[in-house]
Every structure is written in structure tokens, then in C-alpha cells.
Amino acid sequence: MTTSRHKTHHGPSLTLLWQTSLAQQTKVFVGGDELAKLGAIVGQTRAGEKILLLKQPTLPPMTLAKIVASLGDKGLSVSVMEVPDGEAGKSLTCLNNTWERLQELGFTRSDTILAVGGGAVTDIGGFASATYLRGINFIAVPTTVLAQVDAAIGGKTGINLPAGKNLAGAFYFASAIVVDTSLLATLPRRDFVSGLAEIIKYGMIEKTIANESEYVAGPKPLFPFLEECLDEHFAYDHVALPGIITSCIKMKLSVVAKDPQEKDLRRCLNLGHTLGHALEAASDFELSHGEAVAVGLVFATTLGIKRNKIDKDNLPRLTSLLKRSGLPTRVPASISVEKLSKAILHDKKRQAQAIKMVLPEGAIGLVDYHADVNIAEVDQLVADFLSD
Ligand SMILES: NC(=O)c1ccc[n+]([C@@H]2O[C@H](COP(=O)([O-])OP(=O)(O)OC[C@H]3O[C@@H](n4cnc5c(N)ncnc54)[C@H](O)[C@@H]3O)[C@@H](O)[C@H]2O)c1
């Protein structure tokens, strides 16, 4: 990964050049005013003349106008297609509609799908790009915190099937990912805070990633830096946000370069997700992904302490950071031990008589991503956690 920094009058902006394991290059642009450069960025990729812009209904008209103007200035012809909001946008019907639209527009392999929105639209946009003509140019403009630090990064694309989420998909890399933190201005507070849970997770795995990949941590590790910055006022315009997001993106890219198909190191990204996924399902998706992951981080740390892997002083540090950020730290009272245990045992990381979990080990920033938790232990662990 090579990095170049340049200052603009809107603050620092950063470009990462990432060589994927599939011998493709992805350029990642991060800053507070990257949209203005979109036309030039698209011009730098292998783009043809046509762009299909996939967007969610929540994209503000002013933002859409800015994007279309920036692309139009470079002589690109832009068609706009709205996909249904949220998970409904990741359907087979929607994918089919996108393929049909590409056909009507006479797309060739060098033309581009530009997906602008949260993880749902970057997922379907990536999958439509991977599959149409066996692969057309793809550019992502993520507009949620979750998509900027996770969903749009790392080449996983896909749709949902009636039988479950993300069941059809492909590894396919965008030629450019444009992360503009000013786009987060309109994100509802709950979604913004939810994304902070994934950022805190990166703080808890940073040293392991630095030890085992090409990622180089900054002078101040992410977790203590977040302890200084995050509180109820932390918002899209905080001066530290582009730098924080850049660190998370670098971590994810470094992990994916080392282990693209989640056979080893990439598992560390699942910290907090065993209980998190189960809790999301057990709450009938009343809890957002990030809220459930926040409680999952507390669960994994509690388990690490029980197994004497990490000092107990780390738990109040974590819960205090989560609470200050506006995230939950406990399972809601309405969810029973039975419901939660059952949901955990459905977890796809279950293998024979044990589930694989990621547990903090040694200090904040370090994890064991191969921990086996016996199925027989799960009920007791969940019961203890709920009563703590
Ligand atoms: N591919 C991957 O590696 C990966 C990783 C994690 C998650 N995901 C996927 O990402 C999806 C979740 O992503 P998400 O949380 O971004 O959800 P989302 O795309 O559903 O967006 C959440 C909500 O925010 C709205 N929104 C988006 N940007 C906005 C903005 N700037 N202002 C106002 N509203 C805005 C959306 O319209 C939607 O209502 C899931 O489908 C999940 O499976 C994929």
C-alpha cells in the first residue's frame, strides 16, 4: 500500500494506492471534500464514457447534483437509478433491474457503476459490477460510517436471498473508493453512532494487525486516541474523523491483502460479532448492527477476563468509551438467555462442538482470533454475562 498526502483548503486529504490480491489496483481517497474531485477521480480509472449511478432514496438532491456536475464536467454521461432503501435494495429483483438497465444503456466492460450510499448499495453495486459482462468498472462512494470503514472496503460484494443475508456474492474490487466525511452530515445520529462501534473494534485489534500485516500504526494507538476524542459531541465535522477513518481503512486493506478469503487473520475483524450477530437476530433487528457489536465487544472482553487472557481493568475502559460514544454495553432486559444462546449456536462460525471466537488477549489492541468456546459453555457464559 502506498500513501500520499496533500493539503487542500478544506483540510488534509489522503490517497491510498492498494494492490489487491487479484492483481487489481484500488485507489482510496479520504478527506472532507473528495466529492468535488469525483469527475477527475473517475477519469483516472479505466472508465469508459458511461456511468450508472446507483443511489438510495436518502441521498440529498444537492449531493446528487454535485456528483452529476462533477462527472458532467469531464464529459461523462450519467444515468441515475434509485434502489430501494436498506436490505430491500440487496435483492435479486433489484440486481436483475440493474442488469437490464445496463443492457438498455449499452454498457461495455470499461463503463462504470458508481454506487453512492450505505453498505447496502455498495454491496449490490459491487455485485452488479462483478457479474455484468463478467466484470465492469466499479467505483464506491460510501455515505455511512459503517460503509466508509467496513462495507465498501475489502472487495466483498453481494445480495440477500430469501433464505438469508449475503448468500450470493463475489469478491470484486472497486477501482476507486471515495470517502468524503462531509457526506455524513445528513446521517441520522443513531446510524452515525452505530458506525463508531466498528471504529472502536478497530482500536481493539490494531496491534494484532500491525504485528501480522503491513499495517503501520500511527504514533498514538487508535484506542487511546478514541478515548481522547469520542463523546456525545463527536460528529461528522470533527477534525480527527478523516484520520480515524483512514486508520480503519488501512487496517482493513492490510488484513484483506494478507488473508483475502477469511481463512486466518481476517477473522480478527469479527471481534464482537459472535454475540453481536446473535443479538441483532434475537432483538428482531431492533438493535442496529453497531449497537449489537458494541455489546458483543463487552461480551468478548468479559470472556477474555474470565479466561485470564486480559486484565480486568480493561473492561471499565471499554464500557466507558462505548457509553460516552452513545452505545449500549448490556443486553436489553427483554432478551432471554435461551433466545440469545440459541441465536449464538446458529452462528456460522460454529464448528463441531465449539464456536470460534475472537477474544482480547494481553492488552487492548491485541486479540486471539482462534479461541474455541465449547458449545456446553455457551449457555453458562451468556447467563453469567446477563447477570453481571
Ligand atoms: N461487503 C462487506 O464487507 C460488508 C461489511 C459490513 C456490512 N455490509 C453490509 O452493509 C449493509 C449495512 O450498511 P449500512 O449500515 O451502511 O446500511 P444501509 O446502506 O442500509 O444504510 C443505512 C441507512 O442510512 C441511509 N443513509 C445512507 N447514507 C446516508 C446519509 N449520508 N445521510 C442520510 N441517510 C443515509 C440509508 O438510506 C439507510 O436508510 C448490510 O447490508 C451489510 O450486510 C457489507
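Per residue of the chain, what 222 nm ellipticity follows from adding -39500 (n - 2.57) for every DSSP H run with n ≥ 4, rounded to the nearest 500?
Values: 12 runs with 157 residues, N = 388.
That calculation yields -13000 deg cm²/dmol at 222 nm.
For residue 50, a cut-off of 20 angstrom between C-alpha atoms picks up these aspartates and glutamates, skipping any fewer than 8 places away in its own chain: 73, 82, 100, 104, 111. For the chain, the longest principal axis of the Cα atoms and the long axis of helix 61-72 meet at an angle of about 50 degrees.
Under a Cβ-only charge scheme (Lys and Arg +1, Asp and Glu -1), can you give me the dipole magnitude of the chain about the Cα centre, in debye to the nearest 20? Dipole of the chain, to the nearest 20 debye: 740 debye. Which Cα, out of 305, 364, 383, lies furthest along the positive dipole direction of segment 283-388 (beta carbon charges, K/R +1, D/E -1)? The listed residue farthest towards the positive side: 364.
In the structure shown, the pairs 165/342; 312/342; 201/339; 220/263; 201/312; 263/356 are assessed against 20 Å; a Cα-Cα span above that value is assigned to 312/342; 201/339; 220/263. Calculated on the Cα set of segment 104-214, radius of gyration then Dmax: 15.3, 49 Å.
Out of all Cα-Cα pairs in the chain, roughly what percent, to the nearest whole number, are more than 28 Å apart? Display every interim value, and only then the final one.
Working: 33304 of 75078 pairs.
Cα-Cα pairs in the chain separated by more than 28 Å: 44 percent.
Taking the inverse of the mean 1/r over every pair of distinct Cα atoms in segment 2-186 gives a Kirkwood hydrodynamic radius of 16.2 Å.
Order of 294-305, 89-100, 26-37 by packing, highest average Cβ count within 10 Å first?
Packing proxy ranking, top to bottom: 294-305, 26-37, 89-100.
Every read-out reported here was derived from the displayed coordinates using simple, explicitly stated rules and does not represent laboratory data. Since the model is a prediction, treat every value here as computed from it, not as a measurement. FYI the Cβ positions are ideal-geometry reconstructions off the backbone, even for glycines, and counts take in every protein chain you see.
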